[in-house]
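S.K.: After the structure tokens below, expect a handful of questions from me.
Bear in mind these aren't lab numbers, they're just calculated from the coordinates by the rules spelled out. Nothing here was measured: the structure is a model prediction, and the numbers come from that model. As a convention, Cβ positions derive from the backbone with ideal geometry for all residues, glycine included, and neighbour counts pool all protein chains shown.
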């Protein structure tokens, strides 16, 4: 609130008015000029573009009717608010993504394999035995079920991916084809397999980034400090279009929560500003201590997962243990330990964060980031322990193969089986929790009126927890698809069923959230977490493809050292000119200038963004000055400005 | 003072047309006086042609009347209890204020005639300018009808927004802090109240006001 001298203010006020009037006049003249000098061609162009826009709009409307679950999500939005609706839209997005990945993998990898294996359409396949490899590495006898077996063996195989399931096209081991021939066309399956893997990773990355860009823009605009946020919320807060009492209740709650959060943030900011040096020291040392505790908890989780995986692998390979239940339990031990860790760690984190004295919004974000890290790192630890088992080599023969050929002749299938088990177990847990925890809880609360039960109450639909659950499942799917090409189909069906389970659970067993969540921030948060999952999925895949030697007994990469080696091999088959171009692109002579150009472009865009931000700040300051200077706010000026605005609206709407 | 009479409604229209506080036929400034004579120009007459063109307003209004009175709906008055059964008003926390502001009943029983109903629809429609919306919003938020929004009005306003019931109200300290912030943002002359000009000024800078202050039949 800067008061200035009268003369400057009056000049400013009149200059603003003059600018307004000048702009209106200029726009009016331009429009009139356009209409007068529009030739026949330009008029036709204008009318045709208008009708094209109309047609496009109608097509868009028609397409929106084809949207999956459009009506369900709409009704959820009406009853529960936009925060929960964005969770279900996110679920729908994952169903579609998995379906597209499945179509990709099926058409590029599975279909050609099946066609060539069964000789349909006059096709055949070639199985070239690998050269320069020790013969013992190539021995592979998948221990299928021979002779009469009990029925429950099939059940056990279905749940753990062993036995009859191991030899199907579900797992990597089925695709032991080097080239497929369709009449005279040859189909390089190893190259196709690798390229399909890169394609589905790239597709997921691009799609997620495209969706998150819109959310990011909204988030950026919203996070800017609004200069009259309280008046906005109070005077323009109530939406007069609301007709449903439920929606009205939701709105009341969300307004109450927003006002309370804003006031609390303001109080906290004031408190932080008032902190003395002694208090700051105390807070920072407490935070360091709590971060050490968090780190210790994480290490505990990782170590227990490592031990469980090693134990499970050692004992389930022991064939003498044929007891059905114990064997199944052993197979699922890593999954169970991971689920337990995923349940306990977030409880500990949300307890600890209270002592760290952050603002409420930051508290939520930090807890979520820690939970995300726990969930995704658990998968990484599982894979790491698996690899340590697979690459553990004591004998020379083993070292010649590069992996433990006795226990894991086809180690990619073994990893695929673990991912399969994780996915199935995740699905079972979600089903079990809904059936055996949510519904009984609701029945208990509805029929039992004793105090502890009523105090516990119905559960809330916790959006962050549910989102982490499905992102965890999606990360498993991304990692596992390389080792098990049909896993996306299972993921599609799983998420399809989960949609209906969650919807029923929401409608029948949940109470409305005490803290309503805004949709725009939710959408962006979901996609950021998903992106973190995808990036974390790149790491194990990268190591498997490029570092660990591929198994020589099964799979399309038998003839190659590692799975990645098929690419250099193919390039060597290209014409010399193309080879030189590709070598040039991969060399430092290209990479360094490319990197520098990218850096320059990035600096330019950052500078542009900074300049825009400064312009916005200046305009905002101008508004504030115009608003608070009493000499500018004379009724005459205000009314004239509002009349001008009114005229603008009327003419240029 | 006296309850708002018909003169006050026309003042809104004249204000945005001419930019001057209007004067009625009695020669008095219609913003402040209890004008004894009804002024000739009413907002609804200007808009009536637009709104009646879609007969949905007339249909909705006549549905609120008992069957016998539907023939002369134009001159009938609908009691407040019937008005509040409209779905658009049913869930609205400002329903009582809306009925009070738009009702022209001499008995002060908040019953509405068809003209009042049209008044209300035209103010809440898309085609009303933000100035007329903000004028009526001010009238609705002014719980004690004294022409300014003082602390008590703001308190009642916030309580309407957060909902009925004890657990949905803000605590005293929170309310104090909130009202202090609101006055800091909007009270230009620092008199502790928000008058019409300040209110219209602050609302004109709000991006959400026009889209939220809207009722669609």
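S.K.: What's the extension gain from residue A:611 to residue A:67 if we count 0.36 nm per residue and subtract their Cα-Cα distance? Write down the numbers at each step before the final one.
M.R.: Values: separation 544, 0.36 × 544 = 195.84 nm, distance 4.05 nm.
Extra length from residue A:611 to residue A:67 when fully extended: 191.8 nm.
S.K.: Where Rh is the Kirkwood radius over the Cα pairs of the stretch B:96-217, the temperature 37 °C and the viscosity 0.692 mPa s, what D in µm²/s does Stokes-Einstein return? Display every interim value, and only then the final one.
M.R.: Numbers: Rh = 15.7 Å.
Result for D is 210 µm²/s.
S.K.: Still on this structure, please answer the following. Going by average Cβ neighbours within 10 Å, how do the peptides B:164-171, A:101-108 rank, with the highest at the top? Walk me through the intermediate numbers first.
M.R.: Details: B:164-171: 11.8, A:101-108: 18.8.
For the peptides B:164-171, A:101-108, the packing ranking is A:101-108, B:164-171.
S.K.: Could you tell me which of rounded, prolate or oblate describes the stretch A:388-503, using a ≥ b ≥ c as the square roots of the eigenvalues of the alpha-carbon gyration tensor, with rounded for a/c under 1.5 and, failing that, prolate when a/b is larger than b/c and oblate otherwise? Please list the in-between numbers first.
M.R.: Values: a/c = 4.07, a/b = 2.63, b/c = 1.55.
Judged from the Cα gyration tensor, the stretch A:388-503 comes out prolate (a/c at least 1.5, a/b above b/c).
S.K.: Express in whole angstrom the spacing between the alpha-carbon centres of the stretch A:386-460 and the stretch B:158-217.
M.R.: After rounding, the separation between the Cα centres reads 51 Å.
S.K.: Taking 0.36 nm per intervening residue step and subtracting the Cα-Cα distance, what contour gain separates residue A:299 from residue A:124 on full extension? Before the final figure, lay out the partial values.
M.R.: Values: separation 175, 0.36 × 175 = 63.00 nm, distance 5.14 nm.
Taking 0.36 nm per residue and subtracting the Cα distance, the gain is 57.9 nm.
S.K.: What does the highest-first list of A:577-584, A:551-558 look like by mean Cβ count within 10 Å?
M.R.: Ranking, from highest mean packing down: A:551-558, A:577-584.
S.K.: Taking every pair of alpha-carbon atoms in the stretch A:249-379, give the share separated by more than 20 Å as a whole percent.
M.R.: On the way: 5266 of 8515 pairs.
Across the stretch A:249-379, Cα pairs with separations above 20 Å total 62 percent.
S.K.: For a protection proxy built on the mean count of beta-carbon atoms within 10 angstrom, sort A:69-76, A:611-618, A:377-384, B:88-95 highest first, please.
M.R.: Details: A:69-76: 15.0, A:611-618: 10.6, A:377-384: 20.6, B:88-95: 18.1.
Result, highest mean Cβ count within 10 Å first: A:377-384, B:88-95, A:69-76, A:611-618.
S.K.: Taking 7 Å along the Cα-to-C-beta vector as the label spot, tell me the residue B:189-residue A:407 distance in nanometres, rounded to one decimal.
M.R.: 8.6
S.K.: Take peptide B:129-141, look around each residue's Cβ out to 10 angstrom, count Cβ atoms belonging to other protein chains, and average those counts. Each step should come with its number before you reach the end.
M.R.: Values: counts 5, 4, 5, 1, 0, 3, 0, 0, 3, 1, 0, 0, 2.
Partner-chain Cβ atoms within 10 Å, mean over residues of B:129-141: 2.
S.K.: Right, here's the next one. Cα gyration tensor of the stretch A:508-618, axes a ≥ b ≥ c as square roots of the eigenvalues: rounded (a/c below 1.5), prolate (a/b > b/c) or oblate?
M.R.: Details: a/c = 4.51, a/b = 1.38, b/c = 3.27.
Since a/c reaches 1.5 but b/c is at least a/b, the shape of the stretch A:508-618 is classed as oblate.
S.K.: What is the average number of partner chain Cβ atoms found within 10 Å of a Cβ in B:200-212?
M.R.: Numbers: counts 3, 6, 7, 5, 4, 6, 9, 3, 6, 5, 1, 4, 9.
Taking all residues of B:200-212 together, the mean is 5.
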